[in-house]
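A short worksheet on the structure shown next.
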Amino acid sequence: MGPVTVFLLQLEAYYKRVGADSRIGPVHISLYLTIIQLWWQGHFTVSQCQLMKMAKIRIKATYHKYLKDLVCLGYIHYKASYHPFYKSEVAFH
């Protein structure tokens, strides 16, 4: 199975899951799609600034709330670096 196939299967599975999950809204979707886009480009570590900018999230509290939701709802694994110069690790379930 090629990388494009894996990417498309991941995206298809996500859309099926989101369609059935009433807890997921537009900000969740935007943030998740930003993460998957960066992951597809080979960025397995991400920065808060990068994610907020690409997902069009302007307020840090909003970013943290929706990122936490994605983690708690089982959509992603996120390991924060807690260091301003190191990026955080992200992976998918």
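The values are calculated or read from the model by the stated rules, or taken from the named source; none is laboratory data. Since the structure is predicted, the reported quantities are computational estimates derived from the model, not experimental observations. Neighbour counts run over all protein chains shown; Cβ positions are idealised from the backbone, glycine included.
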Quick one: is S81 modelled with pLDDT under 95 and in contact with a strand residue (DSSP E or B) (Cβ under 6 Å, 6 or more places away or on another chain)? yes
Subset of the stretch 58-78 (residues that are β-branched (V, I, T) and closer than 21 Å to Y15 by Cα): V71, I76
If we keep just the residues of the stretch 48-77 that are more than 22 Å from S22 (Cα to Cα) and not in a loop (DSSP other than H, G, I, E, B), which is nearest to the chain's Cα centre (by Cα)? L51
Within the stretch 53-68, track down each residue that is loosely packed, with under 14 Cβ neighbours inside 10 Å and touching a residue at least 12 places away in the same chain (Cβ under 8 Å). K56, K60
Considering the stretch 15-32 alone, what residues qualify as being more than 11 Å from the chain's Cα centre (by Cα) and of a type in the set (F, W, Y)? Y15
Restricting the stretch 1-29 to residues that are modelled with pLDDT of 90 or more and of a type in the set (A, V, I, L, M), which is surrounded by the fewest Cβ atoms within 10 Å (Cβ to Cβ)? A20
When I29 is evaluated against the numbered criteria (1) of a type in the set (V, I, T); (2) under 17 Å from L11 (Cα atoms); (3) in contact with a strand residue (DSSP E or B) (Cβ under 6 Å, 6 or more places away or on another chain), which criterion, by number, is the only one it fails? (3)
Kindly list, by first and then second residue, each pair from a residue in the stretch 30-52 that is at pLDDT 90 or above and of a type in the set (S, T, Y) to a residue that is surrounded by fewer than 17 Cβ atoms within 10 Å (Cβ to Cβ) and assigned to a helix (DSSP H, G or I), limited to pairs with Cβ atoms under 6 Å and residues at least 6 apart or on different chains. T34/M54
Within the stretch 33-47, residues being under 10 Å from the mean Cα position of the chain (by Cα) and either in a helix (DSSP H, G or I) or surrounded by fewer than 16 Cβ atoms within 10 Å (Cβ to Cβ) (or both) number 7
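Those residues that are of a type in the set (K, R) and farther than 25 Å from D21 by Cα, I need them from the stretch 78-91; list them, please. If you could, list the steps in order and put the result at the bottom.
Step one: filter the stretch 78-91 for residues of a type in the set (K, R), giving 79, 87.
Residue satisfying the conditions is K87 alone.
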